[in-house]
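The values are calculated or read from the model by the stated rules, or taken from the named source; none is laboratory data. What you are looking at is a predicted structure, and each value in this text was computed from that prediction instead of being measured. Positions of Cβ are backbone-derived with ideal geometry, glycine not excepted, and every protein chain shown enters the neighbour counts. When the accessible area is computed, the model is the full protein with side chains, heavy atoms only, and any ligands, DNA or RNA have been set aside. Shrake-Rupley method; radii C 1.70, N 1.55, O 1.52, S 1.80 Å.
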Amino acid sequence: MPRAAPGTATEPEEETMTPAPSSTPGATPGPTPGPAPLDAVKDAIRQHITGKIAALTDLSHRIHSHPETAFTEHRAAAWCAGLLREHGFEVTAPAHGLDTAFVATAGSGPVTVAIACEYDALPDLGHACGHNLIAAAGVGAALGLAPYAAELGLTVRVVGTPAEERGAGKALLLEAGAFDGVDAAMMVHPCPFEVSDFRSFALGTLSVTYTGRTAHPSLNPHEARNAADALTVAQVALGLLRQQLPPQWRVHGVTTSAGSAPNAIPDRATAEYEIRALAAEDLRELRERVEACFRAGALATGCEVTLERPEPDYLDFRGDPGLIALWEANARALGRPEPVERGPFACTDMGNVSHVVPAIHPVLDISGGACGPHEPEFAEAAVSPAAGQALFDGAVGLAWTAADFAYARNGGAPRT
């Protein structure tokens, strides 16, 4: 269980941030008490999240027990939105043209902080990326901030973001306006180590279809145009291309079809590929060079090739230094392990948001390096005691960072 959130904690019925004026008969009225200092607000936020930890843990475990893949996260989205609605948030669901997206808001201050909640699972692996924790921690941070939004001069916006693993849901939401007017965006992610200054690759996807002409392989092979051969030529070209690519550029993919019987020359072959680079600018050049290899396969075999982008590119994540510094201070105050420095090791559509809005994406250790995302063991780690601690620390850390950010933006003092 979280260090400051025992499972038996109950939410206080009322949380008063400033002492009440004296009401002694005949007493001379004293000065009107000023707003509570920021540390008192943050302590109250922590207590408020402590009172919600049972509900947040239940939310995390329910999402984990009912994994839903990209754009099918109906239950997870409804559970997150429902808990926020129960606590006074104004909820729009579905939102921005996506059936499993939602937007929930509380407060009306001049500073708007968006908290991203991911909740999609991996095919066959369930929540082996721990998105159940991301969703619950995001909801928890928002619940902790809402009672003090007016005092902080804050508008809290929770964005339920489907399809992070495949589909680039945040890129679609960004284009649709879900992050318009946002001053800072944030989320946390479970990992096998602790990182404050998270960095990611830019990632692009490519669907390849070759169309040829079928024929009998012994009677009239000369009349065929072999689509499987076209894909083979392209794969050889890609293998040679890799020798001349910069060290951090990646090309990888799978063949999804290449004929159904050995006695019929294939007239159709398909493949799915991903490309990765350190920055969005590099990704554009890499895509051009990779697509040239697939066109070479068509040219060599007389087939036709169709190249499609099944989803928006995932841009490299660019963390905001000021927000990172606030997060690090709060993580230390919570007793989190000291962060390590790591180069890019993953991809996320939160990168797209970070190109437009100041953002952070810290990762929290839940496995001590014993296993990592997209491994079956990591799904088990996502409901472990360490995961429960990360849920609480992530919720409080995000809420504290948002409070610090709003405090600074509003002139260094809570609002009356």
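Per residue, the chain reaches -12000 deg cm²/dmol at 222 nm when only DSSP H runs of four or more residues are counted, each adding -39500 (n - 2.57).
Restricting the calculation to alpha carbons of the range 329-405 gives Rg and Dmax of 13.7, 37 angstrom.
In this structure Val233 has an accessible area near 50 Å², from a 1.4 Å probe over the protein heavy atoms. Normalising the Debye intensity of the range 220-293 to I(0), with uniform scatterers on Cα atoms only, and taking log10 at q = 0.25 Å⁻¹ returns -1.13. Rounded to the nearest 10 degrees, the angle from helix 227-241 to the longest Cα principal axis of the chain is 60 degrees.
Per-residue 3J(HN,Hα) values for the range 114-127, derived from phi via the Karplus relation 6.51 cos²θ - 1.76 cosθ + 1.60 with θ = phi - 60°, read 9, 10, 8, 10, 9, 8, 7, 10, 9, x, 6, 10, x, 8 Hz in sequence order (x marks Gly and Pro).
Its relative contact order, with pairs defined as Cα atoms under 8 Å and 6+ residues apart, puts the chain at 23 percent. Here is the P(r) of the chain: all C-alpha pair distances, binned every 20 Å from 0, give 25, 48, 20, 6, 1, 0 in whole percents.
Of the Cα atoms belonging to the range 213-344, the radius of gyration and Dmax stand at 22.0, 76 Å.
How much net charge surrounds Ala387 when only other residues with a Cβ under 13 Å from its Cβ are counted (Lys, Arg +1; Asp, Glu -1)?
It works out to a net charge of -4.
Quick one: if you take sqrt(5λ) for each eigenvalue of the C-alpha gyration tensor of the range 139-231, what semi-axes come out, biggest first, whole angstrom?
52, 16, 11
With a Förster radius of 56 Å applied to the C-beta separation of His87 and Val236, the computed FRET efficiency comes to 0.45. As a ratio to 2.2 N^0.38 Å, the alpha-carbon radius of gyration for the range 303-367 is 1.54.
Taking a ≥ b ≥ c as the square roots of the eigenvalues of the Cα gyration tensor, the range 50-108 is classed as oblate, since a/c reaches at least 1.5 and a/b does not exceed b/c.
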